[in-house]
Each structure stands twice: as structure tokens, then as C-alpha cells.
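What follows is one structure encoded as C-alpha cells, with my remarks underneath.
The values are calculated or read from the model by the stated rules, or taken from the named source; none is laboratory data. The shown structure was predicted, so the numbers you read here are calculated from the model rather than taken from an experiment. Cβ placement follows ideal geometry from the backbone for every residue including glycine, while neighbour counts extend to all protein chains displayed.
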Amino acid sequence: MNYDNLKKTDPLCYDLVLKEIERQETTLELIPSECIASLSTIEALWTPFTNKYSEWYARKRYYWWNEFVDEVEELAIKRAKIAFPWVAHVNVQPYSGSPANLAVYVATCKPGDTVVGQSLLDWWHLTHWWKASVTGSFFNSVQYHVKEDGYIDLEETAKIIREVKPKLVWIWASAYPREFPFEEIAKVADEVGAVVAADIAHISGLIISWIHPSPVPYVDIITTTTHKTLRWPRWGMIMVTEKWLKKDPELANKIDKAIFPWLQWWPHNHQTLSIAVALWEALKPEFIESNKQIVKNAKHLASKLMDKWFNVVSSWTDNHLMLLNVGKWRGVFMQEALDMAWITLNKNTIPKDPASAFYPSGVRLWTPIVTMRWMKEQEMDKIADWIKKVSDIVADFKHNDDKQERIKNLENFYTFIENNKDLLKIKEEVKELCLKFPIYK
């Protein structure tokens, strides 16, 4: 990629760009929230569409000279409807997944209404009811959970929905390794007349590729980010299905009003263009084959980790990610030690975690980015070997219930890993592998 103008005008920022490129090229990124956006979509972000104000929606703009912006937005919507069959209405203006989710609350609920969703400690998200989010302040939230085996507790979920009769039911989780039970939860929500929303941020690319069942036949509203398995630049979308429009023909209009003017103002036209480009790419056979390989790699990696006696939550994965139970409080040790070896994943709670979200008992990892770099099963073998080696290196560090002892233990841990020769050796091996698989060929 060429950054000649940036190099001339701002050498400091140019240098930071080069450093970030080098970091991405030489590390294994396994955090389940990131992707590699295609060069075509990145080029779309550089276009002069960013110069134009385009208040409102296509063919309804307040400002003049938006005819080409209108065509871009209409094209993105048209392609979204092809990618997600049976979707009746699409809004491509949300700045990201968080405002998209908030718009659903605004369009369907009033302050104080009851909302049902999965518990944050069971891999939910801050934008769905947590007290640190505005949604946790404005709405009465009731949570369902996963069982110890890692599956959503459908019996508990059904009981909660029937008892509290919520206005809105969410189906989503950020570390769920199994197929989402859209049909089962939506069926119960329909009994009480609740709006059913599916946040498919993590699995939208798999749904487009027909690898994971689609929620479209069962739910009323779908939200998604665009920078996970979709491998697009960061953005958000909201889709309304035919199912709900038959019950409430005004829902699409309510969603649009929730985005503009209630929550946002000017659409970012260069982003809309990049989404239109990305949707076109997502309809090609290469995209589908790559997503199939993502799941193959995830299942292979999970298998290899189980062979090495790692406790994989739910004993398998149906999608692109997995969750490892590494022992009480040890998620921090694994995350930080692997980071020193240039393998990046994140600490995460496990079902019924005996520890806290800050010092959880698990780690979460996935395979999209390494697959987007054209790595396959044999590279998953190496990754599993490295994770095992790192686990063995920090095996002597244990949880301590005493706070002061815990602080001291952490200090000793960071001192131990900072210049650990075994971790540095793995780091060089990781770098050597990564340089064989450049992000952009």
C-alpha cells in the first residue's frame, strides 16, 4: 500500500502506520473481534465520498448533489438483501455495532421496558443491558445463562421469557462455540409477543456462506458489525425481516428514525461505499470457500488442543471460535504469556466461572485472521503446539484468593515472562511463520 502523501506531510504518523503494519505482519492474531479488510474495501475508504454531507436517506437528502451518494447507498442495500435472503429492509448507516444495537432498543422499547438477553458473564456484550452501558440504565434487563457444558440453557431461557414477558429478546453471544438456537428462542418469544433481535456480529460471514443457519426465518430484527467474519472495514448494519413487517409494517421506519435523527446525524459515505464493495466480494465463491476453511481450521485447532489435554468448553466448536478452560484465574497468565510470544488472544469467563471477569478462568481464540492469511490445518498444528508450550512455561503460577498475595504473584509473573528465553524462542518461531503468510499478497 502506498502512503507517499502521508509520509511527506506527517512523518510521525507515517512511522506509526508502518509500525502497526509490521506488528500485524509478524504476530498471530487470534482475538475473536478482528479481521483483515480487503484492499478494495480499504481503497473505497480513501475516496472523495468522504467529502460529502448527506443528511437523511437516499432520495430524501436535505443537501443537494447527492445523486451518486444515493446510488452507493442503494447499491449497498440491494447487495445486502442478496447476501441475506428474505430480509425486507436494510439500514447501512450505523457507525458501528453499538449504535446499531442501541437503535433497536430505541425503535422497539421505551425506558423501563423489560428486555431479555444472555448474561454478560456468559459472553454477552456491554451494549446489551450491562450497567456500564446506557442500555443497563434505561431498561429493565433479565438475563438467561449457559449451562456448565457451554450450551445456552434453553429451559431456563424459556421460563424467563414466559414469566417476565419482555418487550425485546436478544439472541447473541461473543464466545459461543455452538450453533445459535434462533428458532427455539424465537418460538418462545413469539408466544409472549416479544420482538426478537439477533446480533450476528461474530457469525454473519458464516451465515452468508451457508455454514451457520440463518436467523432470518425466525427473528424480527438482525444487527451486525462488519469487521469480524465479514472481513470488511468497521461499520454496522440493521436488517428487518418479512416476519416482523407482517406484524408491524412501521418497524422499518422506526429503525430508520432511530438511526437518524435520534442517534446519529451525517452518514459516512466513504464507509457506505466500502460496505457496498465488501458485499459484492462476499457474494463470490472465494469468500465462501475461505469461510469454510475458517471453520475447518477452528475444528482442527480445537481437536489438537483437546489432544494436548486442554479443556475446550462444550468439547468442540461448530463455528470459528473456541473457549478454553485453563483453570481458576489463569486466563490472565495465558493471555499475557502468549502475548509475549506474539500470539494474541484474550482472557474470558467460562460457564459458572469461579473467578471474576477481570481474572477469569478461560481464554478465547478464533481462526478467521490466520485463515485470511491462507494458513491451513498444518499451521493450526503449530499454533496448538505453541499454546501448549506457553501453558507449560507458566504452569507453576496459580490462583491465590488473598488479594495481597495475588498482587505479589502477578508482579512475580510479569517479571518471569518479561525476558523468558523460552517465550522469546517461540516469539521468533511465530515471527518466522507469519512472514511466510503476508496479510496482503
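Conditions tested, residue by residue: (1) part of a helix (DSSP H, G or I); (2) of a type outside the set (Phe, Trp, Tyr); (3) in contact with an Asp or Glu (Cβ under 7 Å, 6 or more places away or on another chain).
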position: Ala189; (1), (2), (3): yes, yes, no
position: His202; (1), (2), (3): no, yes, no
position: Pro213; (1), (2), (3): no, yes, yes
position: Thr229; (1), (2), (3): no, yes, no
position: Asn291; (1), (2), (3): yes, yes, no
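Considering (1) out of contact with any helix residue (DSSP H, G or I) (no Cβ under 9 Å at 6 or more places or on another chain); (2) exposed (fewer than 12 other Cβ atoms within 10 Å of the Cβ); (3) assigned by TED's automatic domain parsing to the domain that holds Trp235, the lone condition that Asn51 does not fulfil carries the number (1).
Of all the criteria given as (1) under 19 Å from the mean Cα position of the chain (by Cα); (2) among the aliphatic types (A, V, I, L, M); (3) more than 14 Å from His212 (Cα to Cα), the one not satisfied by Met306 is (1). Within segment 89-135, which residues are of a type in the set (Asp, Glu) and at pLDDT 90 or above? Passing the criteria: only Asp113. Looking across segment 243-265, the residues that are at pLDDT 90 or above and of a type in the set (Asp, Glu) come down to Glu250, Asp256. A single member of Leu338, Leu365, Leu305 is surrounded by 21 or more Cβ atoms within 10 Å (Cβ to Cβ) and not in a helix (DSSP H, G or I), and it is Leu365.
Of the residues Val196, Val219, which single one is buried (at least 24 other Cβ atoms within 10 Å of the Cβ), in a loop (DSSP other than H, G, I, E, B) and touching a helix residue (DSSP H, G or I) at 6+ places or on another chain (Cβ under 8 Å)? Testing whether each residue is buried (at least 24 other Cβ atoms within 10 Å of the Cβ), in a loop (DSSP other than H, G, I, E, B) and touching a helix residue (DSSP H, G or I) at 6+ places or on another chain (Cβ under 8 Å) leaves just Val219. Could you list, in sequence order, the residues of segment 249-278 that are in contact with a Ser or Thr (Cβ under 9 Å, 6 or more places away or on another chain) and either outside any helix (DSSP H, G or I) or not assigned by TED's automatic domain parsing to the domain that holds Glu73 (or both)? Residues satisfying the conditions are Trp266, Pro267, His268.
In segment 404-431, the residue that is surrounded by the fewest Cβ atoms within 10 Å (Cβ to Cβ) out of those that are among the β-branched types (Val, Ile, Thr) and closer than 18 Å to Thr27 by Cα is Val430. Can you name the residue in segment 271-302 that is surrounded by fewer than 21 Cβ atoms within 10 Å (Cβ to Cβ) and polar (S, T, N, Q) and is also farthest from Leu365 (Cα to Cα) among such residues? Result: Ser290.
Residue count for segment 1-42, restricted to those that are free of Cβ contacts under 8 Å to residues at least 60 places away in the same chain and either acidic (Asp, Glu) or on the phi > 0 side of the Ramachandran plot (or both): 5. Just one of the listed residues (Ile383, Ile417, Ile407) is in a helix (DSSP H, G or I), in the same structural domain as Val313 (by TED's automatic domain parsing) and within 22 Å of the chain's Cα centre (by Cα), namely Ile383. Residue pairs whose Cβ atoms lie under 6 Å apart, separated by 6 or more positions or on different chains, with the first residue in segment 262-275 and closer than 28 Å to Leu39 by Cβ and the second polar (S, T, N, Q), are Pro267/Ser54; Pro267/Gln93; Asn269/Ser54; His270/Thr47; His270/Thr50; Ser274/Thr41.
If only residues of segment 357-400 that are hydroxyl-bearing (Ser, Thr, Tyr) and touching a residue at least 60 places away in the same chain (Cβ under 8 Å) are counted, the one that is nearest to Glu286 (Cα to Cα) is Thr371.
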